[in-house]
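Colleague: What follows is a single structure, and I will ask about it in a moment.
The values are calculated or read from the model by the stated rules, or taken from the named source; none is laboratory data. Because the structure is a prediction, the values reported are computed rather than measured. Because the Cβ atoms are built from the backbone with ideal geometry, glycine has one as well, and the counts that use them run over all protein chains shown. The protein model used for the area step is the full one, side chains on, heavy atoms only, and it has no ligands, DNA or RNA in it. Shrake-Rupley method; radii C 1.70, N 1.55, O 1.52, S 1.80 Å.
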Amino acid sequence: MKTFKRVLNIIMVILTVTLLWSCNSEGAKKAQRIREIKIGVTLYKESDLFISSIAENLIDIAKEKESSEDIKIILNIADSNGSTVNETKQVEKFINQKYDVICVNLVDRTAASTIIDKAKLANIPVIFFNREPVEEDMQRWNKIYYVGAEAEKSGKMQAEIILDAYKENSNIVDKNSDGKIQYVMLEGEAGHQDSSIRTEYCIKSMIENGLEVEKLSDDIANWENSQAREKMIQWIKSYGDDIEVVFSNNDDMALGAINAYDSLNIDIVDRPLIVGVDGIQEALQQIKEGKMIGTVISDAKEQASAIFNIAFSLGKNGDIDECIDLLDGKYFKVKHTKVLKENVELFYN
Ligand code: BGC
Ligand code: CA
């Protein structure tokens with residue numbers, strides 16, 4: 001009997017130790033689960049005002065999330081400075097350093113395949129943003145996503161801003177009262193979805209809504225303030241007061257056009273109506289001052305928040321949370337809002 005009790009005791013001790021050991025290892029596993037999420041971001045060009053605004057918002061959102069969740073978030077933002085070679089190297093670095101998710105603002109939106117293939121091989125999901133890969137590339141893998149704006153809508157809304165002004169007082173727009181709107185168009189980079197689509201839908205919308213338009217000139221100013229300023233100075237020399245509207249594919253080029261008028265000391269009442277897209281603070285300031293009739297907000301904060309939420313969910317669960325509503329399981333397109341002098345205060349910080 002004594003021997004039996006001793007054996008039973010030994011068995012009990014073994015069982016307890018085993019149980020304790022397995023609990024501890026469960027604890028160790030849990031501790032492993034609460035880990036860090038590494039998000040790598042490459043920007044096509046950090047000096048781009050709209051892109052830097054997305055990056056700043058990303059940093060703020062990541063900080064907030066880190067303090068509300070018990071997970072360390074490493075957010076590494078790199079500037080490709082307009083070079084595809086730099087961008088590919090940065091992506092390779094993120095892959096080698098085992099980042100959980102890579103967010104890419106492509107330098108060349110038609111050349112996403114190299115990045116996709118490398119990421120796929122390493123099984124690291126990629127979120128493209130602002131510079132949309134072509135459809136064929138988006139189909140290369142099921143772990144690629146795109147966050148951007150609705151280019152068609154922003155073009156239409158630019159037209160609406162001018163159409164509404166015309167309806168209210170046609171003389172404000174059609175200054176020479178010839179029944180046509182003489183315009184110039186400042187375009188973003190060639191091949192960027194937001195340049196060609198905004199241009200097309202803006203003019204199409206003007207015409208569909210019954211306004212006759214006459215293009216005096218259009219040119220590519222690559223989203224840049226200084227290039228737009230130079231073009232505008234040339235156009236003012238060639239067309240002077242004939243220019244009734246300046247459509248600009250983004251705000252920074254619209255600001256360049258304003259600079260041109262400022263530098264030539266042309267009175268505000270003698271200037272055309274200038275309309276942009278993006279809603280950057282500098283443009284909202286010009287709307288307040290009456291130098292720009294309006295802009296279309298392409299919410300940088302909401303875009304950053306969509307990029308971050310997708311990245312966080314992929315990093316944490318390896319999948320997309322149900323509450324993130326993606327079009328075709330891949331696309332997130334942010335809605336636009338028109339801003340005029342009447343509502344600018346709502347958006348101006
Ligand atoms: C924005 C531009 C920006 C460009 C960069 C566009 O969506 O409207 O301001 O320069 O993206 O890719
Ligand atoms: Ca006219």
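Residue-by-condition table, conditions (1) at pLDDT 95 or above; (2) surrounded by fewer than 19 Cβ atoms within 10 Å (Cβ to Cβ); (3) away from ligand 1 (no atom under 16 Å from the Cβ):
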| position | (1), (2), (3) |
| --- | --- |
| 141 | yes, yes, yes |
| 152 | yes, yes, no |
| 156 | yes, no, no |
| 176 | yes, yes, yes |
| 228 | yes, no, no |
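Colleague: Within the stretch 330-344, does at least one residue satisfy the condition of being within 16 Å of ligand 2 (Cβ to nearest atom) and open to solvent by 10 Å² or more (accessible area, probe 1.4 Å)?
Modeller: no
Colleague: For the stretch 288-322, name all the residues that are within 16 Å of ligand 1 (Cβ to nearest atom), among the β-branched types (Val, Ile, Thr) and either surrounded by fewer than 19 Cβ atoms within 10 Å (Cβ to Cβ) or farther than 19 Å from residue 153 by Cβ (or both).
Modeller: Correct list: 307 only.
Colleague: I need the full set of residues from the stretch 110-126 which are at pLDDT 95 or above and closer than 23 Å to residue 198 by Cα, in order please.
Modeller: 112
Colleague: Right, another one. Where the second residue is within 16 Å of ligand 2 (Cβ to nearest atom) and among the small types (Gly, Ala, Ser) and the first is over 17 Å from residue 187 (Cα atoms) and in contact (Cβ under 8 Å) with a residue 24 or more places away in the chain and lies in the stretch 148-164, which pairs have Cβ atoms under 9 Å and are six or more apart or on separate chains?
Modeller: 163/210
Colleague: Follow-up question, since we're still on this one. All but one of (1) under 20 Å from the mean Cα position of the chain (by Cα); (2) of a type in the set (D, E, K, R); (3) within 16 Å of ligand 2 (Cβ to nearest atom) hold for residue 212; which doesn't?
Modeller: Of (1) under 20 Å from the mean Cα position of the chain (by Cα); (2) of a type in the set (D, E, K, R); (3) within 16 Å of ligand 2 (Cβ to nearest atom), only one is false for residue 212: (1).
Colleague: While we're here: I'd like the residue in the stretch 178-201 that is more than 19 Å from residue 105 (Cα to Cα) and among the hydrophobic types (A, V, I, L, M, F, W, C) and, out of all such residues, is farthest from ligand 1 (Cβ to nearest atom).
Modeller: 181
Colleague: While we're on this one: Residues 162, 102: which one is under 27 Å from residue 49 (Cα atoms), within 16 Å of ligand 2 (Cβ to nearest atom), open to solvent by less than 70 Å² (accessible area, probe 1.4 Å) and not acidic (Asp, Glu)?
Modeller: Values: 102 fails: within 16 Å of ligand 2 (Cβ to nearest atom).
Matching residue, one of 162, 102: 162.
Colleague: Restricting the search to the stretch 294-311, which residues are in contact (Cβ under 8 Å) with a residue 24 or more places away in the chain and under 25 Å from residue 139 (Cβ atoms)?
Modeller: 303, 306, 307, 308, 310, 311
Colleague: Now, a different point. Tell me which residues, restricted to the stretch 71-107, are away from ligand 1 (no atom under 16 Å from the Cβ) and in contact (Cβ under 8 Å) with a residue 60 or more places away in the chain.
Modeller: 71, 73, 98, 99, 100, 101, 102
Colleague: Inspect the stretch 32-42 for any residue being basic (Lys, Arg), closer than 30 Å to residue 256 by Cβ and modelled with pLDDT of 95 or more and give the result as yes or no.
Modeller: Of all residues in the stretch 32-42, those basic (Lys, Arg) come to 33, 35, 38.
Those still in the list that are closer than 30 Å to residue 256 by Cβ too: none.
No: the stretch 32-42 contains no residue that is basic (Lys, Arg), closer than 30 Å to residue 256 by Cβ and modelled with pLDDT of 95 or more.
Colleague: Kindly check whether there is at least one residue in the stretch 183-195 that is in a helix (DSSP H, G or I), of a type in the set (D, E, K, R) and open to solvent by 40 Å² or more (accessible area, probe 1.4 Å). Spell out the reasoning first.
Modeller: Taking the stretch 183-195 and keeping what is in a helix (DSSP H, G or I), we get 193-195.
Cutting the leftovers down to of a type in the set (D, E, K, R) gives us 194.
Subset that is open to solvent by 40 Å² or more (accessible area, probe 1.4 Å): none.
For the stretch 183-195, residues in a helix (DSSP H, G or I), of a type in the set (D, E, K, R) and open to solvent by 40 Å² or more (accessible area, probe 1.4 Å): absent.
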